[in-house]
Amino acid sequence: MKNKTIFAIPGSLRSGSSNHHILKFIGTLLPPDVNYFIYDRLAVIPPFDPGNDHEHVDENVAEFRSFIKNADVVIFCTPEYAFGVPGQLKNALDWTVSSGSFVEKPTALITASLGGEACHAAMQLILGAINATLIPEATLLVKFVRSKVGADGEITDEETKSEVIKSVNEIINKLGTLSEQ
């Protein structure tokens, strides 16, 4: 049996963001036989243009699609910007519509922001539109995230830490189910 792969996508471009810290924490919870990769290249994906979405797409788009296709599970951890999905994340997701990269791909969603409700709802709609299979038990809204993640990147709020651990356990269970198929 081959190792399972989790592809993690932060919605924030800032490497020291709370979202990056949560994804790094998730990496510490995974078994050693799980390949875990946090993507940090959203900024290099060009603006979506349907006229350029053909067999020979930009190499950064092709790489992004390939990472998704080859992952067993995808995890998003994103903030909310101006009551919506961060532009660069939405742009990257637009590039996956025609490729079918997300079709039936088990996907976890963590929205970690000041409020986050609008982004959380929008991401669920987007993931539905691209036919991702949302793992309901691994879907989490973390409000007031800056008061729950310290400057050192540690999750300081025990309830939030517990919820993230529960989400990760659900992802690990999903990976186990995939192994049995």
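Structure above, values below:
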read-out	value
Net length gained if the chain between F37 and A151 were fully extended (0.36 nm per residue, minus Cα distance)	38.8 nm
Mean residue ellipticity (222 nm) of the chain, computed from DSSP H runs ≥ 4 via -39,500 (n - 2.57), nearest 500	-12000 deg cm²/dmol
Kirkwood Rh and Cα Rg combined as Rg/Rh, region 4-180	0.95
Relative contact order, percent, the chain [alpha-carbon distance under 8 Å, six or more residues apart]	24
Cross-link pairs K4/K166; K24/K143; K105/K143; K24/K161 - those with Cα-Cα distance over 24 Å	K105/K143
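No lab work stands behind these numbers, since they all come straight from the coordinates. Values in this document were obtained by computation on a predicted structure and should not be read as measured data.
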